[in-house]
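Every number in this text was worked out from the coordinates using simple rules, so none of it is lab data. It should be emphasised that the depicted structure is a prediction, and the values quoted were computed from it without experimental measurement. Positions of Cβ are generated from backbone atoms using ideal geometry, with glycine treated the same way; all protein chains shown enter the neighbour counts.
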Amino acid sequence: MLAPSYSWMQTTARYDDICSEHGIPTMITWCYDGKEVSVEGLWDNWKTRKPLQRWGKDFAILKVPPLGVYPGLLLMDNGGMLLTCHGPRMEQ
C-alpha cells in the first residue's frame, strides 16, 4: 500500500509564512466538480485570490487567517459560492 503524498501542501503555504502568522491553520477544500477553484475572503480584506491545488478529484489550500470568523468566496470555474460560518450558500 502506498502512503498518500502531501506534496501539494508544500505549494499552498510556506512553513515560514505559517509560523510568522497568528492564527489557526485551516484547510479549505472543494470536493465537487470544477476545473479551477480559488478562494478569497475577508481575512485580508478581499485583497488576494489564491488558487486551490488539485489533489485527484478534489481541491485544497492551507490558509492561516488571523483569529476570527470570516466570510469567504470560493470561486469555481468563474462562478461563486459564499462560504460563511453557517455553511455555504450560492451567491446570486
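Assorted remarks:
- Cut-off 20 Å, label 7 Å out along Cα→Cβ of Asn78, residues of the stretch 45-63 by amide N: 49-52
- Contour minus Cα-Cα distance for Trp46 and His22 (0.36 nm per residue): 6.8 nm
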